[in-house]
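The values are calculated or read from the model by the stated rules, or taken from the named source; none is laboratory data. Bear in mind the structure is a predicted one, so any value in this text is a computation, not a measurement. Cβ: placed from backbone, ideal geometry, glycine included. Neighbour counts: every protein chain shown.
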Amino acid sequence: MLLILSLLLLLTSLILIGYNWRSHPQTILIAVIFIIYALYSLLYYFTIESKNDFWYAVMFGNLTPLWYLPGPLLYFYYRSTLCNTEIFTSWKDALHFIPSTVQCLTMIPYYRIPFAQKLQIAHSIHENPDLIQQIASQFTLYSVAFDFASRPLFIFFYIIACYWLLIKYSASSHNHRYTLRWLKAFLLLLLLENSIYAVSLYLLINQSFGFTYGIVDLMHNITGATFFIVPLLLIAFFPQILYGSLKSKSTVLKSLNAPIPDESFIELSERIKTYMQEKQLFLNPDLEISDISIVLKVPRHHIAYCFTNVLQCKFTTYKNKLRVAFAQNLFENGEAVLSSIDGIGAKSGFKSRSAFYEAFKAETGMTPNQFLKNQSFDKLL
């Protein structure tokens, strides 16, 4: 049964990745969390039920850094979804991966031993499961009990952080009720699973790891059943999450009957316009809304709201308009004598010749070549 549940969770993860990797890349983080939990269940399956030396040797010890990843991945998923930001926003995000990195470093001695020796270890554990603690302690800097106990505590910390994000941003206009229901349901499910795991783990550690498999078996069966609910939950109640068909931001705003922008958004829109023009941010060919959000220290979804509802144009259209105006100014100042037309496009912030020509014609009704010829003709007159 545990094998079937694990494979079902892996299948759900592949569906999530397949349908969301372009439209909603943050959903891939949830898929990775599912994969990690499925691998953990498979590890238990090959420890107790299957006792397959080869697969247990492949998984035992090698996967331990993964057990510290669900918490950070969960946080990044909730933050990017609720705050409408990129998945990773600064170098500080790397700090969340320190526990996993430390665990990886402590396991280097184990990684370096020959696979034949790992097979012997796997066979020994299958013969006497009580050896797990003794063998694991040879390749860690801290006690096995601490390693086991820190995992649920680590995830609890991130569940609390995600709950705080839900409280803080659930009222934001860009968050659709459907998405909020999913976020609440998934967080509740994770809290239930982690609580069961923590209680079972406490009972196990309290008995000094004298492997009473009644407790361990109960722990994995309950947690496995809990995660069996996830695919059913997605299929039955949240198919748009599963298949990546969430509504676009503009549709969401309309469905929420977004009010007329108040003074704060009008003022913010003026700040955006002034800053982009004075600092010439549009000359950066990789400029994104998140860059303006960081500079002005304003949530990304507020910037997006200003363009959609106050300035009433797409961000791409607005920055291209500024770039074309800049290019026109270069032409008028005789820059074409010193630089090629493509060079002027690059100086104006366009990544490619085609993008420059397309945007220039959309704004002026003529290509850069035509504009330059007209300018030369006007000077002759």
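Worth a mention:
- Each residue in the stretch 330-344 was checked for being outside any helix (DSSP H, G or I) and either in contact with a His (Cβ under 6 Å, 6 or more places away or on another chain) or surrounded by 12 or more Cβ atoms within 10 Å (Cβ to Cβ) (or both), and 1 of them qualify.
- Answer from Lys351, Lys321 - the residue that is touching a Pro at 6+ places or on another chain (Cβ under 7 Å) and of a type in the set (Lys, Arg): Lys351
- Selection within the stretch 261-304 - closer than 27 Å to Tyr169 by Cα and charged (D, E, K, R): Asp262, Glu263, Glu267, Glu270, Arg271, Lys273, Glu288, Asp291, Lys297, Arg300
- Whichever residue in the stretch 308-329 is crowded, with 20+ Cβ neighbours inside 10 Å and touching a Ser or Thr at 6+ places or on another chain (Cβ under 8 Å) and, among such residues, is nearest to Tyr169 (Cα to Cα): Arg323
- Scanning the stretch 48-60 for residues that are assigned to a loop (DSSP other than H, G, I, E, B) and either crowded, with 20+ Cβ neighbours inside 10 Å or among the aliphatic types (A, V, I, L, M) (or both) yields a total of 1.
- Considering Phe76, Phe97, Phe88, the condition of being assigned to a loop (DSSP other than H, G, I, E, B) and in contact (Cβ under 8 Å) with a residue 12 or more places away in the chain is satisfied by Phe88 alone.
- Verdict on Thr27 being among the polar types (S, T, N, Q) and surrounded by 17 or more Cβ atoms within 10 Å (Cβ to Cβ): yes
- Candidates Leu39, Leu105: the one that is surrounded by fewer than 20 Cβ atoms within 10 Å (Cβ to Cβ) and within 26 Å of Glu127 (Cα to Cα) is Leu39.
For every residue, the table says whether it meets (1) modelled with pLDDT under 90; (2) in a loop (DSSP other than H, G, I, E, B); (3) not β-branched (Val, Ile, Thr).
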site	(1), (2), (3)
Leu287	no, yes, yes
Ser290	yes, no, yes
Ile294	yes, no, no
Val298	yes, yes, no
Ile303	yes, no, no
Asn309	yes, no, yes
Cys313	yes, yes, yes
Thr317	no, no, no
Asn320	no, no, yes
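- Residue check, Leu73 within 20 Å of Leu187 (Cβ to Cβ) and at pLDDT 90 or above: yes
- Ala116 being out of contact with any Cys (no Cβ under 9 Å at 6 or more places or on another chain) and modelled with pLDDT of 80 or more: yes
- Going through (1) outside any loop (DSSP other than H, G, I, E, B); (2) crowded, with 17+ Cβ neighbours inside 10 Å one by one, Phe350 falls short only on (1).
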